[in-house]
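Data block below; observations after.
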C-alpha cells in the first residue's frame, strides 16, 4: 500500500492486487450467483465455477470480484494511521489493466480529516448571567406538584358544570344513521377542555346523572373527514357519572408522600429552590460553554472537506425523511411547512453541518493538545450510565459501542469542562 497526500483534505491510497487476491474475488462473486445458475444437464445450484466459466466466460464475475477486493483493501486503508479517512472513496482504476492471472493496481481517492490550527482557547472572555430563584418560581413548582397528585372523585351534586369530568356514552347520527368513529361507551371528558367539536361540550352543561340528551350541531367546514365536514349531525348522549378533581392539601403529610427525603413544607420548598437553582446552573454552564466553543472555533483555522459536509447533511436529511414518513409525507412537503424550499433547506443545513464539524474538530484538537484522556473508571462509568438509561446489561452495550467511541465521548466532555473552567466569565 502506498499512501500520499494530494492536498490538505485529500489523500490517495494505491494498492497492488495479486492474481491470488483476484481469484478469491472471482470465487466470492461466483458464490453470490451460484444458486441461480442454470446449465442444461445440471441441477440448479450444482454448477461449479469452472463449468460456469466454460459456458459463460469469466467477465460476468468481474464487477462483484472487484467490489470484493475493493472492500478488503478499503478496510486496510481505514486501519492505516497515516491519515484519518472521513468519507467514501472514489475509485481510480483503469479497467483495461485487469487481466486474470496478472497483478494490477488501483487507488482510492479519499477525503481525510483536515488539520486544525488552534487559536486562543484559554481565558476566552464571555458574558455570564447571575443565577437566582424567585419565590414565584418555587410556588409554581409547588402548584405543579399538587396538580400531578390530583385525583378524580365523585361529585357531590348531580349537575354537570364546566370543569367537571363527565363519564358518558354517545352515538353520532347523520340523517338518522350512525357514522364511523362517532360512537363510544364510558367516554371520559373534561367539560370545557375543547376536546370535542364546537358546541358539544357546551350543550352537555346542566345534564344530570343518567340523563339522556340529544345534541344537535354541525361539524366544522374544515373537518378532516370530508364526508362529515360542514354536515349537521345529532349525538345521542347518556351521562353516567360526574367526577371532579380533588387537589391534596399542602402540608407535611403531602410532603412526606413525595419521597424526596424531606419532611416539612419548609424543607420541601428549600428542596425545590435548590433543584431549580441546579437546573439553571447547568443551563448557564452549557450556554457559556457553547459561547466559548464558538469563539474558539472562529479564532481557529480548519477547512472542512465538502465530502464531510455532504455526509453530515445527508444523515440529517435521512432522519428528517423518516420523520416525514411517519406523517405520510415526502421530505419536500414536510420541509415546505417551515416556509423553505428544498434548496434553501439544504443550504441552511450545509452551513450548520460545516459549523458543527469545525467545532468537533477544534474540540478534538484541544483534547489532544492538552492531553485530555478518559480513565478506565470513567469509561466503565459511562458504559454503566448507558446500560442504566436503556435498561440493558453493560455487556450488551459493549456489543454496539466500542471502547474507543466511549473514550472519545468522555474525552470530549472533559474538554468542554476544561474550556469552561479556563474561560473568563464576566458578570
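Please treat every number below as a calculation from the coordinates, not as lab data. These numbers come from a predicted model, not from an experiment. Counting neighbours? That spans all protein chains shown, and the Cβs are built from the backbone with ideal geometry, glycine included.
For the reader, a short list of remarks on this structure follows.
- q = 0.09, 0.16 Å⁻¹, the range 265-426: log10 I(q)/I(0) [Debye, one scatterer per Cα]: -0.48, -1.19
- FRET efficiency estimate (nearest 0.05) - Cβ-Cβ, residue 8 to residue 63, R0 25 angstrom: 0.15
- Summarising the label geometry, the points placed 7 Å from Cα in the beta-carbon direction at residue 187 and residue 208 lie 2.4 nm from one another.
- The value of relative contact order for the chain, using C-alpha pairs under 8 Å at least six residues apart, is 17 percent.
- Per-residue extension of 0.36 nm, minus the Cα-Cα distance of residue 161 and residue 408, leaves a gain of 83.0 nm for this segment.
- Nearest-ten-degree value, helix 19-33 long axis tilted from longest Cα axis of the chain: 40
- Sequence-distant contacts, meaning Cα pairs under 8 Å at least 6 residues apart, place the relative contact order of the range 295-377 at 41 percent.
- The ranking of 26, 408 from fewest to most other beta carbons within 10 Å of each one's beta carbon is 408, 26.
- Between the range 293-341 and the range 399-416, the Cα center-to-center distance that results, in Å: 24
- The packing ranking, built from the mean of other Cβ atoms within 10 Å per residue, places the peptides 106-117, 206-217 in the order 106-117, 206-217, highest first.
- The range 61-90 and the range 101-134: distance between their alpha carbon centers, rounded to Å: 24
- Sorted by Cβ neighbour density within 10 Å, fewest at the top, the residues 93, 361: 93, 361
- Here's the picture: a label point sits 7 Å out from the Cα of residue 132 along the beta-carbon direction, and within the range 256-273 nothing has its amide nitrogen under 11 Å of it.
- Here the Debye sum runs over all C-alpha atoms of the range 2-111 as equal scatterers in vacuum, and log10 of I(q)/I(0) at q = 0.11, 0.15, 0.21 Å⁻¹ comes out as -0.43, -0.69, -1.06.
- Computed [θ] at 222 nm, helices only, for the chain once each DSSP H run of length n ≥ 4 contributes -39500 (n - 2.57): -15000 deg cm²/dmol
- Helix 376-390 vs. the chain, principal-axis angle (Cα, 0 to 90°, nearest 10): 50
- Peptides 278-291, 174-187 ordered by average Cβ neighbours within 10 Å, highest first: 278-291, 174-187
- Zero-based 20 Å bins, Cα pair distances in the chain, whole percents: 15, 31, 31, 21, 3
- On full extension, the segment bounded by residue 42 and residue 264 gains 71.2 nm, given 0.36 nm per residue less the C-alpha separation.
- For the chain, the longest principal axis of the alpha carbon atoms and the long axis of helix 403-421 meet at an angle near 60°.
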